[in-house]
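A short reminder: the numbers here are calculations on the coordinates, not readings from a lab. Remember, it's a predicted structure, so these values are computed and weren't measured experimentally. For neighbour counting, all protein chains shown are included, and Cβ atoms are generated from backbone atoms with ideal geometry for every residue, glycine included.
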Amino acid sequence: MKIRRYIGKDAQEAILKVRMDLGNDALILNTRKVRQKGFLKMFSKPLVEILAAVDEYYGPTNKKVAAKNEIGFEKKNELKTINGFGKESIYKSKLDEKEEKIVLLENKINGMEAVLNKIYNQIQQPAEKTETAQSKEEEKSLSGILQLFYNNLVKNEVETDIVQFLIERVHEKKKENAGVNDTTSILYSLISELLGKPSTIKLREDGKPTVIVLVGPTGVGKTTTLAKIAAHYALDHKKNVGLITADTYRIAAVEQLKTYAEILGMPLKVVYSADEISEALEGYKDKDIVFIDTAGRSYKNKPQFEELKTFVEASCADEVFLVLSTTTGMKNCREIIENYSFLQDYKLIFTKLDESSSPGVILNSRYRTKKELSFVTMGQSVPDDIEIANVDKIAKNLLGAMVYDRSS
Ligand SMILES: Nc1nc2c(ncn2[C@@H]2O[C@H](COP(=O)(O)OP(=O)(O)OP(=O)(O)O)[C@@H](O)[C@H]2O)c(=O)[nH]1
Ligand SMILES: [Mg+2]
């Protein structure tokens, strides 16, 4: 990863500069207001400075080269000359060195500012002083760019023990005098590794229908997501799809799936108890895939989980998907995961990325459960607002300071 600084008269101008230079994939690491130098300028409006990173071989100026490389026409070690970097490599590395030093100095200043703020807060609230003592100690031992990433990960709701785990691994992996770019690359790779390779639906090959069950807390988007996936398999893969709903708790729930079933031209069966599932499945013997929707379970209502467990067992599902919303807070999400630990094996679906500003819940859940990521959804539109989890995008969002609307 390459890290660069951009200055604009406001955030919009600075972001525009980042995008023009590094492209839309640029990762915003930090933004801050900076005073202009010089006596008279001290009184003028502060400028906005953005620290941004991008993968070494990407950006608008070298997109063509990257594309060629993907289909194997160019070798990676030829890239620098093609981009014109080769000619200026000596000046560039000196510039990079200077930039790294500036970044380190700035982060030291930021670190000092944070320590001063903490001292100030301690004076203000003496009673709260012991609770976060350990994490303060941990933070103090961090420096430069790692401090910045620590802050960004915590801001993005990654749980502190996971952040700590990542930072320790970076310390183990990085060489003693590793620069900012190396450190960023190591952390980025570690997060990508933790997120793992997503896996979707493995279709049966014995001619029997593949049975899929979606479970999860109330209102996270199970039914909508089920409709999106079912539509995808029916329309794009020409699969013969059948739907079952076991959600008979809400009158509107059956109607909701019925509407989707009618639009998509798929049959829907309603089951009222676990005993009825095998009969419903028997009627779908000719299908390639059967999707089963379940009622949302409040993670606080433990007795309901027994019933859900019986349903899942009776379905003999080939794949179970636990649907979680990225708008769920860190603590609630941990409780939800604990409550669903009765499931032997499952994959994770994350919804409502469009509404969330803290994607940490994805990393937390993946880290705690060790279950594979599958789909993510980012809107209410059926069937469009769904994709296979893009680990690269998630890792960048986790490391970045979420300072602008990603959809802009
Ligand atoms: N913004 C946004 N809204 C979504 C997304 N997915 C689903 N929704 C909305 O979330 C609300 C609940 O969706 P449902 O699919 O009914 O959720 P559910 O988990 O089936 O709910 P219950 O069956 O009541 O537990 C609806 O208004 C959906 O349109 C998403 O990715 N982004
Ligand atoms: Mg539902």
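Brief remarks on what is shown
- Between ASP161 and ASN301, the C-beta separation translates, for a Förster distance of 30 Å, into a calculated FRET efficiency of about 0.60.
- Take every DSSP beta bridge whose two residues both sit in the range 210-388; close to 10 percent of them are antiparallel.
- Extension gain for SER189-ASP25 works out to 57.4 nm (0.36 nm per residue, less the C-alpha to C-alpha distance).
- Spin-label pair ALA252-LYS309: with each label point 7 Å from Cα along the Cα-Cβ axis, the two points sit 3.1 nm from one another.
- Taking amide hydrogens as placed 1.01 Å from N in the peptide plane, the amide H of LYS347 sits under 5 Å from those of VAL320, PHE321, LEU322, each at least 5 positions away in sequence or on another chain.
- Placing R0 at 60 angstrom, the Cβ-Cβ distance between GLU262 and LYS45 gives a FRET efficiency of 0.55 after rounding to 0.05.
- Spacing of the two label points (7 Å from each Cα toward its C-beta) at TYR367 and LYS101, in nm: 3.5 nm
- Backbone N under 20 Å from the THR218 label point (7 Å along Cα→Cβ), restricted to the range 334-357: 334-341, 351-352
- Loop-located GluC sites (Glu not before Pro) across the range 164-239 with a Cβ neighbour count of 15 or fewer within 10 Å are GLU176, GLU205, with loop assigned by DSSP.
- For THR210, the residues whose amide H sits under 5 Å from its own are ARG204, ILE289, VAL290, ignoring neighbours fewer than 5 places away on the same chain, with H placed 1.01 Å from N.
- In this calculation the C-beta distance from ARG32 to GLU176 is compared with R0 = 41 Å, giving a FRET efficiency of 0.90.
- Selection among ALA261, ILE277, HIS232 by position relative to the dipole of the range 190-294 gives HIS232 as farthest towards the positive end (Cβ unit charges, Cα centre).
- Out-of-range pairs (alpha-carbon distance over 31 Å; input LYS17/LYS331; LYS208/LYS309; LYS101/LYS197; LYS222/LYS302; LYS17/LYS352): LYS17/LYS331; LYS101/LYS197
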